[in-house]
1. Which residue, Gly54, Gly121, Gly150, has the most motion in a Gaussian network model of the chain that connects Cα atoms within less than 10 Å?
2. What FRET efficiency do you get for Lys36 and Lys172 if R0 is 30 Å and r is their Cβ-Cβ distance, rounded to the nearest 0.05?
3. How compact and how long is the chain, expressed as Rg and Dmax of its alpha-carbon atoms in Å?
4. Tell me, in nm to one decimal, what length is gained between Lys159 and Ala106 on full extension, where the rule is 0.36 nm per residue of separation less the Cα-Cα distance?
5. I'd like to check one number: the per residue accessible area of the chain, probe 1.4 Å, reported in Å² as a whole number.
6. Determine by what factor the alpha-carbon radius of gyration of the range 120-172 differs from 2.2 N^0.38 Å, reporting the quotient.
7. Roughly speaking, what is the stretch gain from Asn141 to Tyr124, that is 0.36 nm per residue apart minus the C-alpha to C-alpha distance, in nm to one decimal?
8. Between the range 6-24 and the range 133-152, how many Å separate their Cα centres?
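The values are calculated or read from the model by the stated rules, or taken from the named source; none is laboratory data. For clarity, every value in this text was computed on a predicted model and none was experimentally measured. Because the Cβ atoms are built from the backbone with ideal geometry, glycine has one as well, and the counts that use them run over all protein chains shown. Surface accessibility is based on the protein's heavy atoms, side chains included, excluding ligands, DNA and RNA. Shrake-Rupley method; radii C 1.70, N 1.55, O 1.52, S 1.80 Å.
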Amino acid sequence: FKNYSFVKIAGAALNQTPIDWNSNKNNILQAIAKAKSENINLLCLPELCIPSYGCQDLFLAPWVQQKSINVLLEILPETKNIALCLGLPICIDNKLYNCAAFIVDAKIKGFYAKQILANEGVHYEKRWFTSWQKGKVSEINIQDKTYKIGDIQFELDNKKIGFEICEDAWDKDNRPANNHNFDIILNP
């Protein structure tokens, strides 16, 4: 991966459909290809973009969780020469978390887990997900590789990259970014 004196960042809104794995994956791959064609260094994709945010109770199905990881691994080879984040559900110790994978040059660097869940209007995140504990870092094993997961920061060309997923940023007193010193905050 190249060492840039600045980072060119882009965000992409995708038209994802619950558990339409092929279309969702193709939309993600198209966004990655477009970002690469425009010399984007860091691409922020939407929350839960692999299965789609609208899965509702299907998030609780282990096959949806596993298929989301499988699709992430299928996308990985297409992420050479770019950094990006993309969303998927991750289960640890029988608890489901809304996560963002951070990938740099076709390598998973880890997973940020959402801390503040939306639970009003049409959002019922507390029905499906568990809030990640502030400051907690754990590990997850995927295909015999161990990755950090939780309230973590990443580095990209000596820049500290942090995450807040949607509702995380809306609570100004408790937002995760208050606890870290980030150069860049991504909010899928």
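1. Checking each option, the largest mean-square fluctuation is seen for Gly121.
2. 0.30
3. When restricted to Cα atoms, the chain yields Rg and Dmax of 15.4, 44 Å.
4. 17.2 nm
5. Heavy-atom accessible area per residue stands at 49 Å².
6. 1.42
7. That works out to 3.3 nm of additional length.
8. That distance is 23 Å.
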